[in-house]
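Student: One structure is given below, represented as structure tokens, and several questions about it will come after.
Just so it is clear, none of the values below were taken in a lab; they were calculated from the coordinates. Only a predicted model underlies this, so the values are computations on that prediction, with no experimental measurement involved. Here the Cβ is made from the backbone with ideal geometry for all residues, glycine too, and neighbour counts use every protein chain on show.
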Ligand SMILES: [Zn+2]
């Protein structure tokens, strides 16, 4: 079921938190660079086209076979997007895709309902 979720910056530098906007909501810490393209896409990011290529061949974690844009370039662009969109609220079923027992909150504790 879709809920309001928001993007927050994490406690550690370079980390982000995807959090449900409700009391005792789940949250998910985005720790690695490699998770940034998917996180940015969740909040509406589309990588800029290059040479007319819209990068359909990659999720942003491997080099695009269409234009040669590297994972590092996608990650840098995604990071820039995330930094500019902290606080954005969207409606998403993002948390439906996770088993609750595997969720951890931002303090690293196992999430329990
Ligand atoms: Zn491309």
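Student: If r is the Cβ-Cβ distance from residue 57 to residue 23 and R0 is 30 Å, what FRET efficiency results, to the nearest 0.05?
Tutor: Result of the calculation: an efficiency of 0.10.
Student: Can I ask one more? Under 8 Å for C-alpha pairs, at least 6 residues apart: give me the relative contact order for region 1-56, rounded to a whole percent.
Tutor: Once normalised by length, the contact order is 21 percent.
Student: Still on this structure, please answer the following. Taking just the C-alpha trace of region 1-83, give me its Rg and Dmax in Å.
Tutor: Values for region 1-83 (Cα only, Rg and Dmax): 14.0, 46 Å.
Student: Between residue 73 and residue 38, what is 0.36 nm times their sequence separation minus the Cα-Cα distance? Round to one decimal in nm.
Tutor: 11.2 nm
Student: Now, a different point. Percent relative contact order of region 3-102, based on C-alpha pairs within less than 8 angstrom and at least six residues apart?
Tutor: Value for region 3-102: 29 percent.
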